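The structure under discussion appears below in the form of structure tokens.
Only the coordinates and a few stated rules stand behind these numbers; no lab work does. Computed from a predicted structure; not experimentally measured. Backbone-built Cβ (ideal geometry, glycine too); neighbour counts: all protein chains shown.
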Amino acid sequence: MREWRLWGLRGRLLISFAMLTVFTAVAVAGIGYVRARDGIVQRAQDSAAIEMTAQLKLLYPLPGGPRSEADLATILDKLNGRHVTVLVTDGSRTAGTLPQSLISPELRAKVQSGRVAWQRVSCGKTTCLVLGSQLRVATGSQSQPTQPSGIEVYEVRGLGSEVEAVDQLAREAWLAGGVALVVATVLAVLAARSVLQPVQQLQRAARRLGDGDLGTRITVHGSDELAAVAKTFNSTAESLQQHVGELRRMEADARRFVADVSHELRTPLAAMTAVTDMLDAEAARLPDAAEQAVRLVSRETHNLTRLVNDLIEVTRFDSGTASLELDDVDVAEAVRATLRARGFSVTTELPDGVRARIDPRRLDVIVANLVGNALRHGTPPVTVTLSGDAAGVTLAVADTGPGLDKEVLPHVFDRFYKADTARTRSEGSGLGLAIAWENARLHNGKLTAANRPEGGALFTLWLPRGARP
């Protein structure tokens with residue numbers, strides 16, 4: 001099952017679609033809601049103002065003279081008992097049931113200026129509309145046909161139906177936004193699937209290609225950008241397959257050539273070694289120049305024999321034919337036998353009783369290469385230390401020389417690598433440590449190189465107690 005990651009491509013697509021939909025729904029629904037609400041309220045206010053104006057026209061003509069309580073009562077009675085307050089402008093007399101606390105100073109100022117004015121106020125749990133108008137009387141003058149009568153009329157009307165309509169609009173807006181979000185999520189999932197399926201196919205194909213399946217190809221659908229990527233991948237994979245095939249063929253030819261040449265050289269080298277050994281035995285009785293020549297030929301013949309044997313061993317590793325012949329071995333005794341056979345003079349810490357199931361011949365090769373390398377390139381004394389635990393055995397070879405440069409450490413087990421390029425070829429083939437490393441790997445073990453804090457190089461070999469062939 002694929003892991004769904006919030007900030008993966010799928011998550012980003014879903015979040016982007018959702019945010020875009022929510023923003024669009026909120027913007028459209030919000031604008032529509034505000035405009036519809038303002039329209040509903042405005043129509044209610046206009047209708048109430050027109051109705052109030054028409055109602056007040058029924059009061060005309062107004063009687064002249066001072067306004068008494070009876071005049072206010074008469075006006076109130078003609079308004080059919082509506083929730084109205086009639087008051088004198090100077091505030092000396094009032095009639096009606098409308099609480100004067102709902103009449104704000106701003107509303108009275110607009111009314112006293114001769115306009116029909118209104119204001120929305122809170123009436124407990126609902127919203128009310130308070131309307132006000134000043135009654136005017138005719139003067140008969142052309143310059144000023146009317147003048148204030150000194151009476152103001154205020155009426156309150158509930159906006160319950162309008163508020164309910166506005167609330168209904170709000171609910172519909174939220175519902176539309178929710179539906180839009182659901183639809184957008186579905187569309188985002190479908191879009192993400194259509195985009196991610198080719199990407200996932202490309203990912204799987206790239207993984208198979210990286211694992212070595214050079215015949216991996218992607219089926220191309222359509223002609224969009226993803227199809228172009230798939231075509232590019234296929235052409236790249238095909239080119240890579242051709243190049244790798246050519247490199248593998250060349251590598252196989254090179255390995256076969258080295259193996260063939262090495263095997264062909266063994267027979268003449270065996271004869272040359274026998275002859276040089278005989279000459280070497282008689283060299284002391286030869287003239288000085290002849291003696292030096294004989295010993296030089298003998299030394300170079302042995303070096304060439306060792307190089308050929310190392311090349312043959314390397315070709316076995318490369319071809320996969322190298323195998324283990326395991327035996328239950330006392331590791332300490334096997335290491336001592338290697339040191340005695342090679343004539344190595346080193347300091348040892350080899351406790352008895354450390355046993356492991358390993359290939360003794362390959363252990364001999366590893367120890368000979370590690371100790372020989374330490375004696376040639378390090379500074380005596382060279383120390384060989386053995387230890388073991390339940391999992392495996394550890395053999396450490398340390399010297400007290402200058403150690404290995406940082407640039408050299410990553411390459412000490414590379415084939416034909418020599419830390420000192422000025423060394424003559426007779427000092428080694430450059431294959432010893434590489435062969436030791438391959439032998440350790442064949443045991444499912446590990447061979448590492450490092451520098452000691454107190455100075456000198458340290459090579460550490462770890463082999464499992466029971467290696468598998």
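Details
- V261 paired with W174, simple spin-label distance in nm, labels 7 Å along Cα-to-beta-carbon: 8.6 nm
- Residues whose amide H lies under 5 Å from that of G466, counting only those 5 or more places away or on a different chain, are R357; hydrogens are built 1.01 Å from N in the peptide plane.
- Residue-normalised convex hull volume from the C-alpha trace of the stretch 176-332: 285 Å³ per residue.
- Distant-in-sequence amide H partners of T400 (H built 1.01 Å from N, under 5 Å): T379
- The Kirkwood hydrodynamic radius of the stretch 259-393, based on inverse pair distances between different Cα atoms, is 17.7 Å.
- Computed extension gain for R248 through E164, at 0.36 nm per residue and net of the alpha carbon distance, reaches 22.1 nm.
- Quotient of Cα Rg and 2.2 N^0.38 Å for the stretch 189-253, N being how many residues it contains: 1.34
- Summing charges over neighbours of P360, with a neighbour being any other residue whose Cβ is under 9 Å away from its Cβ, gives -2 when K and R count +1 and D and E count -1.
- Using only the C-alpha atoms, the convex hull of the stretch 226-319 corresponds to 104 Å³ per residue.
- In nm, spacing of pseudo-spin labels at N444 and K125 (7 Å Cα→C-beta vector): 8.0 nm
- The modelled label-to-label distance for the pair R115/A341, using points 7 Å beyond Cα in the direction of Cβ, is 11.7 nm.
- Full-extension gain in nm, I31 to R316, via 0.36 nm per residue minus C-alpha separation: 94.5 nm
- Per-q log10 I(q)/I(0), the stretch 120-235, q = 0.14 Å⁻¹ (Debye; single scatterer per alpha-carbon; no solvent): -0.83
- In whole angstrom, the stretch 327-464 maps to an equivalent ellipsoid with semi-axes of 24, 16, 14, each derived as √(5λ) from the alpha carbon gyration tensor and ordered largest first.
- When each of the peptides 362-370, 275-283, 120-128 is scored by how many other beta carbons lie within 10 Å of its residues on average, the order from highest to lowest is 362-370, 275-283, 120-128.
- Couplings for the stretch 372-384, taken from phi via the Karplus curve 6.51 cos²θ - 1.76 cosθ + 1.60 with θ = phi - 60°, read x, 5, 5, 6, 6, 10, x, 10, x, x, 9, 10, 10 Hz in order; Gly and Pro are left as x.
- Neighbour-count order for K406, K231, fewest beta carbons within 10 angstrom listed first: K406, K231
- In terms of its C-alpha gyration tensor, the stretch 380-420 has an oblate overall shape, because the principal axis ratio a/c (a ≥ b ≥ c, square roots of the eigenvalues) is not below 1.5 and a/b does not outweigh b/c.
- Remark: the stretch 276-287, residue by residue, has Karplus-estimated 3J(HN,Hα) of 5, 5, 5, 5, 5, 5, 9, 5, 5, 8, 8, x Hz, where x stands for each Gly or Pro and the curve is 6.51 cos²θ - 1.76 cosθ + 1.60 at θ = phi - 60°.
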